[in-house]
């Protein structure tokens, strides 16, 4: 065996130089890496401390994004989206708005509140009325509330109307137009054009959720039911604005009916027409409103707008910092949020998972510090079994001696009512949408669609029903009978459980069920809801039932997924001024954002995704039973 040859002096020099270069390269890269890491840490934690809040400060409430019960993305994603200026994905938690306004009403350092809601995307009238009530409370405390908007939708105006003074940009617009609910109907496109036959199985003539797949227009029953609850919401909307603006509902309604003539008289000037209708107090630019607030408050040349102010986010940090020492070791009233469609399995925030939401309730049951639970429901429903999983956990909490109070948000219908019905007490806003007690299932079959492209299904089975639920085959009428029996049983389960929970007969529940949608006010009249009230009312009730009568005797804790250390770290970086500038200027990051943002028609996309989800059969079940309500508007 030959020994390896020894390197000559030249080779040793070359190898030595190469090793030195490698060492230097690694050293430089490591220095750069740790230098960048140090800068990253400085960015992440720079400016995290907040300056003390001065006297005579104006609280600026200018939320941007969709109003939600809980964030549907993690803290890092939210910070990144905000840093890149992607307003289309931003979210505003209802709870944050409410607690900031509540604190401001009592905070002597807050002189006035300046609100801008023209970039807020409302989701329903119940949550808007909670915010409106909080603004009215600030106004009643003696603090001035000033509202401004470039242009406002009628939902945004409901909030602005609560201010002492409402200003609109001279080039802006504000039109009250009423409520509508129009949907797309797919029968002709699916059946006649594509050859997809959609078979609908349901109980209740008012259960109209799946009508778009089998009809070309809304059924008379659907129109009757929708108009009934929508008129109730609309009249309350007019009444709320009339009360805030010292007008009458009749005046507001007349302004809508005579809009063409009135707008023509105002020479097409929407802002001037709003002023004439007394919807606003003046027409001013944003700069003119800033000057007004500077004159009334304390001038601050370094602040945006030129007046001493604190933003909503910063004020929330002040509130949280002040609350931390006093919250330790006190008994808790837990809040579990059920927002979004109810689906099986584990689901992220913004959706309700049968297993994941049940696990949150179980966590509250197992935590000795939790003495009572508020289940905040904002859901159109979804899968029956997933809804039942959550309901069982509500019952288990009660069996463990922990009261459960439900607070309904904008929407708690169908499966959303299923998970709520066993609570010790159910609160809703009069404009909450609820009810829709009914069950349905849909089975699309594709043989005619496949025929169009020359594809056919054939084969054998060992029994009459082997392969009978294959959607590529024509649906056997006997299979339809099986599915309808399953749906009938689901409806009996639903009405039976509601009757037991609400202490009524099945016949009484059936008379107000059959898929019919009600407002919170209509539901209370029919015994489906116990009383009116928002989240705070439900918290007070839950605390009282747990014998925690004094507000300082307990703390409120939201049981939900917590941010990881890395997510908090990354959020701190992109929230800093330097980190925000770096991400905003990154063409690469913006390119990714543009790629992943869908620009499809939202309603059509949601409808077709729903139909696709209905195709996913559960093991052992011929059809997925659904308790779902397409009752948002």
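Every number in this text was worked out from the coordinates using simple rules, so none of it is lab data. On a predicted model such as this, the values are computed, not experimentally measured, just so you know. Here the Cβ positions follow ideal geometry from the backbone for every residue, glycine too, while neighbour counts run over all protein chains shown.
Here are the numbers for the structure shown:
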| quantity | calculated |
| --- | --- |
| Fewest-first sequence of 474, 463 by Cβ atoms within 10 Å of each Cβ | 463, 474 |
| Rounded Å value of the spacing that divides the Cα centres of region 254-315 and region 357-386 | 43 Å |
| Efficiency of FRET between residue 470 and residue 525 - r from beta-carbon atoms, R0 56 angstrom, step 0.05 | 0.75 |
| For region 138-253, radius of gyration divided by Kirkwood radius, i.e. Rg to Rh on alpha-carbons | 1.18 |
| In Å, descending, principal axis extents of the Cα set of region 271-372 | 55, 39, 23 |
| Fewest-first ranking of 550, 106, 207, using other Cβ atoms within 10 Å as the exposure measure | 550, 106, 207 |
| Potential lengthening between residue 558 and residue 248 on full extension [0.36 nm per residue; Cα-Cα distance subtracted] | 107.6 nm |
| Where Rh is the Kirkwood radius over Cα pairs, Rg/Rh for region 180-336 | 1.16 |
| Rg followed by Dmax, in Å, when region 342-467 is reduced to its Cα trace | 20.0, 65 |
| Cα-based convex hull, region 420-574, per residue volume (Å³, whole number) | 285 Å³ |
| Taking 360, 283, 411 and counting other C-beta atoms within 10 Å, the order from fewest to most | 283, 360, 411 |
| Spacing of the two label points (7 Å from each Cα toward its C-beta) at residue 164 and residue 150, in nm | 2.8 nm |
| Residue-span extension gain [residue 269 to residue 102] - 0.36 nm each, minus C-alpha spacing | 56.4 nm |
| Computed E for residue 257/residue 181 - FRET, C-beta separation, R0 22 angstrom, nearest 0.05 | 0.60 |
| Theoretical FRET efficiency, 1/(1+(r/R0)^6), r = Cβ-Cβ of residue 235 and residue 400, R0 45 Å, to 0.05 | 0.60 |
| Residue-span extension gain [residue 448 to residue 392] - 0.36 nm each, minus C-alpha spacing | 15.9 nm |
